[in-house]
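What follows is a single structure, written as structure tokens, with notes after it.
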């Protein structure tokens with residue numbers, strides 16, 4: 001067998017120069033310096049706003065109180081009230097629902113619901129009424145039959161609690177508007193009252209309180225005369241129970257439930273802004289939604 005001569009490897013060329021490498025220590029030092037700089041900047045960016053917010057909050061909560069709240073918070077609520085009053089319209093109704101959706105709401109608070117109350121002896125006291133010449137009249141007392149003698153109105157609306165829950169309820173009673181027509185409030189002008197044609201001349205507010213005075217609300221007259229505001233004596237087709245405000249409660253769907261006072265004992269028409277149980281404890285006096 002013929003042997004072929006072995007192939008010779010080509011002559012080796014010059015070796016490539018090694019790529020210089022950076023000093024690991026130098027890279028580490030530079031990175032640490034950059035990380036430190038960024039960390040300090042981030043810390044300052046976080047600490048400064050947080051510190052300013054804490055100082056601002058501290059300033060707010062240490063201001064003098066106005067009706068249960070530091071005055072800056074009370075002023076914010078008052079601004080909200082003015083805006084709500086500006087967009088309020090009598091024609092703006094709370095949504096209505098089918099009766100099939102109605103259910104019993106939570107009773108919630110028992111302020112003013114004293115255990116010694118006797119519903120058989122209940123009478124409604126009404127103050128601040130007008131005579132035919134527009135002057136204030138002596139207070140009167142009314143029985144539940146007098147309220148039931150007014151046109152009956154049914155509404156199926158949503159009771160909204162300021163705690164966040166809500167419930168569709170079927171209410172029945174007399175519209176406060178019809179009550180005010182029968183027992184008209186005094187006027188600011190001294191003119192004879194005309195609840196339908198000249199409601200703007202009426203005194204500005206309505207105050208309501210439980211028989212024992214333990215719970216009380218103040219309501220602007222415009223909201224009281226809203227067509228869905230009821231003096232209510234039935235809930236879901238049955239007479240009110242004591243826990244839900246028997247024999248008579250207020251239902252005012254354009255406001256949160258804190259205004260729907262249970263067990264009304266006194267109604268007062270007044271031109272002075274009335275005190276309000278929850279407003280004195282830091283809540284919004286107007287309480288509209």
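Across the stretch 79-115, which residue is modelled with the highest pLDDT among those that are surrounded by 15 or more Cβ atoms within 10 Å (Cβ to Cβ) and assigned to a helix (DSSP H, G or I)?
Going through the stretch 79-115, the residues surrounded by 15 or more Cβ atoms within 10 Å (Cβ to Cβ) turn out to be 81, 84, 88, 94, 97, 102, 105, 108, 111-113.
Next cut, assigned to a helix (DSSP H, G or I) only: 81, 84.
Numbers: 81: 65, 84: 69.
The residue in question is 84.
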field: Residue ID - nearest to residue 120 (Cα to Cα), chosen from residues in the stretch 266-284 that are over 18 Å from the mean Cα position of the chain (by Cα) and buried (at least 21 other Cβ atoms within 10 Å of the Cβ)
entry: 267
task: Search the stretch 240-265 for residues being without any contact (Cβ under 8 Å) to a residue 40 or more places away in the chain and more than 23 Å from residue 128 (Cβ to Cβ), and hand back the single one that is surrounded by the most Cβ atoms within 10 Å (Cβ to Cβ).
output: 240
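Would you check which residues across the stretch 220-239 are closer than 17 Å to residue 143 by Cα and surrounded by 22 or more Cβ atoms within 10 Å (Cβ to Cβ) and list them? Quick ask: steps written out before the conclusion?
The first filter runs over the stretch 220-239 and keeps only residues closer than 17 Å to residue 143 by Cα, leaving 230-234, 239.
Residues satisfying the conditions are 230, 231, 232.
The values are calculated or read from the model by the stated rules, or taken from the named source; none is laboratory data. All figures in this text were calculated on a predicted structure; none of them were measured in a lab. Neighbour counts are summed over all protein chains in view; Cβ atoms, including those assigned to glycine, are modelled from backbone coordinates with ideal geometry.
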